[in-house]
Amino acid sequence: MKLSKKNQLKVTGLIAVLLLAGVIFFFTYYQVDEVQVMGSSHYSEKQIKKMVLRGPMASNSVLAPMIYTKKNTKDVPFVEGYTVTRLNRHTVCVSVKEKDIVGCIPYLDSYIYFDRNGTFIESSTERNEKIPFFDGIKVKHVIYNEELPIKDKMVMNTAVALSTIFQKNDKIPDHIEFSDDGQISLLYGDITVKLGKDEYLEDKMTRVLAILPLISDKKGILHAENVNDNS
């Protein structure tokens, strides 16, 4: 059946109106009213939402998971990737997978962040206060995604062990100092904690963490060099 030009325009206009109505209904029915964030310790929920959900499609709970999920990220420091999932038609969840960073060291005008294997995985001109900062681990050069060229491998083992203890207790010092003879010092404000060498670290830190709240208003040196598993 042939349609006149006038009727063809009417049919085309009707289809356009129906499509527009369908689009409006789709974006209204699946409008995102709530965003949940999981797995982020380096960034606040507000920062994650701003970094991940960028663009008009972020307001739709069907399209956001398809468009904004990224398994690999290069533009977001400390984050390996993130997944956006739809919990219901008005709620999406951003699950963040962070890089396994245990510490950082100074290098030139930047901070070099490394993982449990001593591999250089991130650099920044700003220090992340939630990551242990080690002073005394020196390197002449660094290569991204390669192990830091540290002569004494035991120093890196000690740094990883301390980072694990700090993560358990959420008591990260302002910074950690390694002397040339292997002595370890922790700085908490005006208090310097002397741990001695890498032995009985768990026992030493258990004692130190129990004492620190009692001397938080004082200045000086807390000696824990001689603490062991018996004394």
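The values are calculated or read from the model by the stated rules, or taken from the named source; none is laboratory data. Computed from a predicted model, the values in this text were never measured in an experiment. Counting neighbours? That spans all protein chains shown, and the Cβs are built from the backbone with ideal geometry, glycine included. To get the accessible areas, we keep the full protein, side chains included, count just its heavy atoms, and leave off ligands, DNA and RNA. Shrake-Rupley method; radii C 1.70, N 1.55, O 1.52, S 1.80 Å.
Got a sec? Which of Asn169, Asn145 is of a type outside the set (Lys, Arg), surrounded by fewer than 17 Cβ atoms within 10 Å (Cβ to Cβ) and in contact with a Ser or Thr (Cβ under 7 Å, 6 or more places away or on another chain)?
Asn145
Mind checking which residues of region 32-56 are out of contact with any His (no Cβ under 8 Å at 6 or more places or on another chain), part of a loop (DSSP other than H, G, I, E, B) and within 13 Å of Thr91 (Cβ to Cβ)?
Leu53 - this is the single residue of region 32-56 that is out of contact with any His (no Cβ under 8 Å at 6 or more places or on another chain), part of a loop (DSSP other than H, G, I, E, B) and within 13 Å of Thr91 (Cβ to Cβ).
For region 58-107, which residues satisfy the criterion of being at pLDDT 85 or above, assigned to a strand (DSSP E or B), more than 17 Å from Ser41 (Cα to Cα) and open to solvent by 20 Å² or more (accessible area, probe 1.4 Å)?
Thr85, Arg86, Leu87, Asn88, Pro106, Tyr107
Of the conditions (1) of a type outside the set (Phe, Trp, Tyr); (2) free of Cβ contacts under 8 Å to residues at least 40 places away in the same chain; (3) open to solvent by 60 Å² or more (accessible area, probe 1.4 Å); (4) not in a strand (DSSP E or B), Val139 satisfies every one except a single condition; which number is it?
Here Val139 clears every test but (3).
Could you tell me which numbered condition Arg127 fails, if it satisfies all but one of (1) surrounded by 15 or more Cβ atoms within 10 Å (Cβ to Cβ); (2) closer than 14 Å to Gly103 by Cα; (3) free of Cβ contacts under 8 Å to residues at least 40 places away in the same chain; (4) not β-branched (Val, Ile, Thr)?
Tallying (1) surrounded by 15 or more Cβ atoms within 10 Å (Cβ to Cβ); (2) closer than 14 Å to Gly103 by Cα; (3) free of Cβ contacts under 8 Å to residues at least 40 places away in the same chain; (4) not β-branched (Val, Ile, Thr), Arg127 fails exactly one: (1).
Using beta carbons and a limit of 7 Å, which pairs, at least six apart or on different chains, have the first residue in region 37-59 and at negative phi and the second one in a loop (DSSP other than H, G, I, E, B) and basic (Lys, Arg)?
Matching pairs, first to second residue: Ser41/Lys130; His42/Lys130.
Any idea which of (1) modelled with pLDDT under 80; (2) among the hydroxyl-bearing types (Ser, Thr, Tyr); (3) surrounded by 15 or more Cβ atoms within 10 Å (Cβ to Cβ) is the one Thr12 doesn't satisfy?
(3)
Would you check which residues across region 108-121 are of a type in the set (D, E, K, R) and open to solvent by 40 Å² or more (accessible area, probe 1.4 Å) and list them?
Hits for region 108-121 are Asp109, Arg116.
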